[in-house]
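First the structure, in the form of structure tokens, and then the observations on it.
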Amino acid sequence: MDADEREIFDYLKTWGEEWVNAKEICRRAAGKKRYSEDNNWAKPILHRMKERNILEGDELDRKSTRLNSS
């Protein structure tokens, strides 16, 4: 995992197994400065993490650290 992936993963771990909206992750995972520079900064990283099965996603674009059980 690179630094951005680790930052997102560590933020999601604070939520346990709850689903977190991608916009909320963009807003809170790296702080206000990063969000103000690019309010969608985490979305490509979240997509990459989902493809690599680091995160689980649902149809509402929410993410979780739960591993896919299927």
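The values are calculated or read from the model by the stated rules, or taken from the named source; none is laboratory data. Because the structure is a prediction, the values reported are computed rather than measured. Methodologically, a virtual Cβ is constructed for each residue, glycine included, from the backbone with ideal geometry; neighbour enumeration extends over all protein chains shown. In case anyone asks, the SASA skips ligands and DNA or RNA and just uses the protein heavy atoms, side chains included. Shrake-Rupley method; radii C 1.70, N 1.55, O 1.52, S 1.80 Å.
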_Tabulated pairs, the range 47-70, first modelled with pLDDT under 90, second of a type in the set (Lys, Arg) and surrounded by fewer than 13 Cβ atoms within 10 Å (Cβ to Cβ), C-beta under 7 angstrom, 6+ apart or interchain_ = Thr65/Lys13
*asked:* Just to be sure I understand, how many residues within the range 41-70 are surrounded by 11 or more Cβ atoms within 10 Å (Cβ to Cβ) and either in a helix (DSSP H, G or I) or among the polar types (S, T, N, Q) (or both)?
replied: 9
*Please verify whether the range 11-26 includes one or more residues that are of a type in the set (Val, Ile, Thr), open to solvent by 30 Å² or more (accessible area, probe 1.4 Å) and not in a helix (DSSP H, G or I).*
yes
